[in-house]
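Written below as C-alpha coordinates is the structure these notes are about.
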Amino acid sequence: MKSTGITRKVDELGRIVLPIELRRTLDIAEKDPIEIYVEGNAIVLKKYELACVFCGNPENIMQFKDKNVCPACVSHLKTM
(Lines give C-alpha, C1' and ligand atoms only; values in the text may rest on other atoms or scores of the structure.)
Protein backbone atom coordinates (compact mmCIF):
# COMPACT_ATOMS: atom_id res chain seq x y z
CA MET A 1 0.00 0.00 0.00
CA LYS A 2 1.25 3.48 -0.88
CA SER A 3 1.00 6.26 1.72
CA THR A 4 -0.34 9.63 0.58
CA GLY A 5 0.80 11.48 3.68
CA ILE A 6 -2.72 12.88 4.05
CA THR A 7 -4.54 12.54 7.37
CA ARG A 8 -8.14 13.28 8.23
CA LYS A 9 -10.04 13.15 11.52
CA VAL A 10 -13.21 11.11 11.92
CA ASP A 11 -16.13 13.37 12.86
CA GLU A 12 -18.75 12.64 15.54
CA LEU A 13 -20.86 10.70 13.02
CA GLY A 14 -17.95 8.48 11.93
CA ARG A 15 -17.36 10.29 8.63
CA ILE A 16 -14.14 11.31 6.92
CA VAL A 17 -13.61 13.60 3.94
CA LEU A 18 -11.73 12.22 0.95
CA PRO A 19 -9.42 14.95 -0.35
CA ILE A 20 -10.32 16.39 -3.75
CA GLU A 21 -6.91 15.40 -5.13
CA LEU A 22 -7.62 11.72 -4.41
CA ARG A 23 -11.17 11.94 -5.75
CA ARG A 24 -9.92 13.47 -8.99
CA THR A 25 -7.08 10.95 -9.35
CA LEU A 26 -9.41 7.99 -8.72
CA ASP A 27 -12.35 9.47 -10.68
CA ILE A 28 -14.68 9.47 -7.67
CA ALA A 29 -17.62 11.86 -7.96
CA GLU A 30 -20.38 12.86 -5.54
CA LYS A 31 -22.85 10.00 -4.95
CA ASP A 32 -20.45 7.36 -6.36
CA PRO A 33 -20.68 4.10 -4.41
CA ILE A 34 -17.57 3.09 -2.47
CA GLU A 35 -16.76 -0.46 -1.33
CA ILE A 36 -15.21 -0.93 2.11
CA TYR A 37 -12.79 -3.80 2.78
CA VAL A 38 -10.73 -4.83 5.78
CA GLU A 39 -7.22 -6.23 5.24
CA GLY A 40 -5.65 -7.12 8.56
CA ASN A 41 -5.86 -3.92 10.58
CA ALA A 42 -6.29 -1.67 7.51
CA ILE A 43 -9.51 -0.23 6.07
CA VAL A 44 -9.46 -0.14 2.26
CA LEU A 45 -11.86 2.05 0.27
CA LYS A 46 -12.46 1.26 -3.40
CA LYS A 47 -14.75 2.84 -5.98
CA TYR A 48 -17.50 0.29 -6.62
CA GLU A 49 -17.68 -0.98 -10.16
CA LEU A 50 -20.23 -3.51 -11.33
CA ALA A 51 -18.38 -6.73 -12.28
CA CYS A 52 -18.76 -10.51 -12.25
CA VAL A 53 -18.22 -12.01 -8.79
CA PHE A 54 -16.30 -14.93 -10.31
CA CYS A 55 -14.01 -13.46 -12.99
CA GLY A 56 -14.24 -9.67 -12.51
CA ASN A 57 -15.51 -9.05 -16.06
CA PRO A 58 -17.46 -5.74 -16.12
CA GLU A 59 -19.28 -6.42 -19.43
CA ASN A 60 -22.85 -7.75 -19.94
CA ILE A 61 -23.46 -8.28 -16.23
CA MET A 62 -26.69 -9.90 -15.07
CA GLN A 63 -27.95 -10.43 -11.55
CA PHE A 64 -28.63 -13.82 -10.01
CA LYS A 65 -29.78 -13.88 -6.37
CA ASP A 66 -28.29 -10.41 -5.79
CA LYS A 67 -24.91 -11.44 -7.28
CA ASN A 68 -23.38 -10.01 -10.46
CA VAL A 69 -22.49 -12.69 -13.03
CA CYS A 70 -21.25 -12.48 -16.63
CA PRO A 71 -22.58 -14.70 -19.44
CA ALA A 72 -19.32 -16.68 -19.71
CA CYS A 73 -19.46 -17.68 -16.04
CA VAL A 74 -23.17 -18.53 -16.34
CA SER A 75 -22.31 -20.85 -19.24
CA HIS A 76 -19.48 -22.41 -17.26
CA LEU A 77 -21.72 -22.96 -14.24
CA LYS A 78 -24.36 -24.67 -16.42
CA THR A 79 -21.78 -27.26 -17.53
CA MET A 80 -20.84 -28.21 -13.99
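The values are calculated or read from the model by the stated rules, or taken from the named source; none is laboratory data. If you're wondering where the values come from, they're calculated on a predicted model, not measured in any experiment. No Cβ is skipped: glycine too gets one built from the backbone with ideal geometry, and neighbour counts run over all protein chains shown. Note: areas computed on protein heavy atoms with side chains; ligands, DNA, RNA excluded. Shrake-Rupley method; radii C 1.70, N 1.55, O 1.52, S 1.80 Å.
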Practice problem: Can you tell me which residue among M80, M1 is without any contact (Cβ under 8 Å) to a residue 40 or more places away in the chain and assigned to a loop (DSSP other than H, G, I, E, B)? | Solution: M80
Quiz item: Out of the residues in the stretch 1-17 that are closer than 21 Å to N41 by Cβ and of a type in the set (A, V, I, L, M), which is most open to solvent (accessible area, probe 1.4 Å)?
Solution: M1
Quiz item: How many residues are touching a strand residue (DSSP E or B) at 6+ places or on another chain (Cβ under 9 Å), of a type outside the set (A, V, I, L, M) and at pLDDT 90 or above if we restrict to the stretch 37-54?
Solution: 3
Exercise. Identify all residues within the stretch 68-80 that are out of contact with any strand residue (DSSP E or B) (no Cβ under 9 Å at 6 or more places or on another chain) and surrounded by 11 or more Cβ atoms within 10 Å (Cβ to Cβ); write none if there are none.
Key: A72, C73, H76
Quiz item: Among the residues of the stretch 18-65, which ones are open to solvent by less than 100 Å² (accessible area, probe 1.4 Å), among the charged types (D, E, K, R), part of a strand (DSSP E or B) and within 22 Å of G5 (Cβ to Cβ)?
Solution: K47
Exercise. Could you tell me whether I34 is within 12 Å of the chain's Cα centre (by Cα), modelled with pLDDT of 90 or more and closer than 19 Å to R8 by Cβ?
Key: yes
